[in-house]
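Everything on this sheet refers to the single structure shown next.
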């Protein structure tokens, strides 16, 4: 089921299985995707990492994620573009920037609690019914339903991730930090550079993450750099030198040492293994 608006708005709902799983790999400009796994049969490789998904887990993907399906079960998919709903413009309403999208160095995986599954099933049913409407309020209604879905998933993710004990102020700082990494990870590799962007000291940032029991700020920066390195080595024909340069390293030896320390393989060995 696809909705297309007069100003480039795009929304797609689809029930995915092994016969049409390539729909998950389709890319649209500024596209964001939610995938809800209905069984334990799906095994994917995403950005060079293997994932076995469990029933009633939800993941969020952008157009930049590299995706290979090894096994595909029953999945419900929602895909939308920026003209349909811009999560940056609506951040004050849904608060998923830097969590579900644009800032998670690790793949966001949300486990739906048993007592919330009926809520999501009903929301999906309303989505399907509204996709069949054709009046002047259809776009607004579909946007409202998507907004509700994003809010519910963001709430669950906050409760399940490393920051479940964070208060609102701390959570906002974490989201800002994550989003800044997404914007600048190719050129800024130190905590001090991000602290300056946030008008804070590096120590303040480090203390914040330490209090929350999360990874260090430097780990988040380096994980995002590694994510991009794995994407480029796995899904492009770029040379090691080109990959290193694209993510901010001036020479191959420095990049290779960093990559091997994090991955356990040299960039060339990783690339060969991925082909």
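Data overview
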quantity	calculated
The range 103-151: number of residues that are more than 21 Å from residue 14 (Cα to Cα), crowded, with 19+ Cβ neighbours inside 10 Å and in contact with a strand residue (DSSP E or B) (Cβ under 9 Å, 6 or more places away or on another chain)	2
Residues (within 14 Å of residue 227 (Cα to Cα) and either loosely packed, with under 14 Cβ neighbours inside 10 Å or touching a residue at least 24 places away in the same chain (Cβ under 8 Å) (or both)) located in the range 238-247	243, 246, 247
Answer residue from the range 184-217, given it is within 19 Å of the chain's Cα centre (by Cα) and at pLDDT 90 or above and is farthest from residue 156 (Cα to Cα) among those	186
The listed residue being in the same structural domain as residue 113 (by TED's automatic domain parsing) and part of a strand (DSSP E or B), out of 24, 34	34
Checking residue 213 against (1) touching a residue at least 24 places away in the same chain (Cβ under 8 Å); (2) at negative phi, the condition it does not meet	(2)
Boolean, residue 152 is within 21 Å of residue 65 (Cβ to Cβ) and in the same structural domain as residue 115 (by TED's automatic domain parsing)	no
Single condition residue 37 does not satisfy, out of (1) free of Cβ contacts under 8 Å to residues at least 12 places away in the same chain; (2) farther than 24 Å from residue 177 by Cα	(1)
The range 245-255, residues that are farther than 24 Å from residue 68 by Cα and under 26 Å from the mean Cα position of the chain (by Cα)	245, 248, 249, 255
Scan of the range 248-271 for residues that are surrounded by fewer than 19 Cβ atoms within 10 Å (Cβ to Cβ) and either in the same structural domain as residue 50 (by TED's automatic domain parsing) or not in a helix (DSSP H, G or I) (or both), ordered by number	248, 250, 251, 264, 265, 266
Among (1) part of a helix (DSSP H, G or I); (2) loosely packed, with under 14 Cβ neighbours inside 10 Å, the one test that residue 88 misses	(1)
Of all residues in the range 37-56 being surrounded by 15 or more Cβ atoms within 10 Å (Cβ to Cβ) and part of a loop (DSSP other than H, G, I, E, B), the one that is farthest from the chain's Cα centre (by Cα)	41
Scan of the range 62-82 for residues that are outside any strand (DSSP E or B) and either surrounded by fewer than 16 Cβ atoms within 10 Å (Cβ to Cβ) or in the same structural domain as residue 263 (by TED's automatic domain parsing) (or both), ordered by number	63, 64, 74
Test: residue in the range 197-212 that is within 23 Å of residue 96 (Cα to Cα) and crowded, with 21+ Cβ neighbours inside 10 Å	yes
Single match in 59, 2 (criterion: at pLDDT 90 or above and buried (at least 18 other Cβ atoms within 10 Å of the Cβ))	59
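The values are calculated or read from the model by the stated rules, or taken from the named source; none is laboratory data. The model shown is predicted, which means the values in this text are computed figures rather than measured ones. Heads up, the Cβs are rebuilt from the backbone with ideal geometry, glycines too, and the neighbour counts pull from every protein chain shown.
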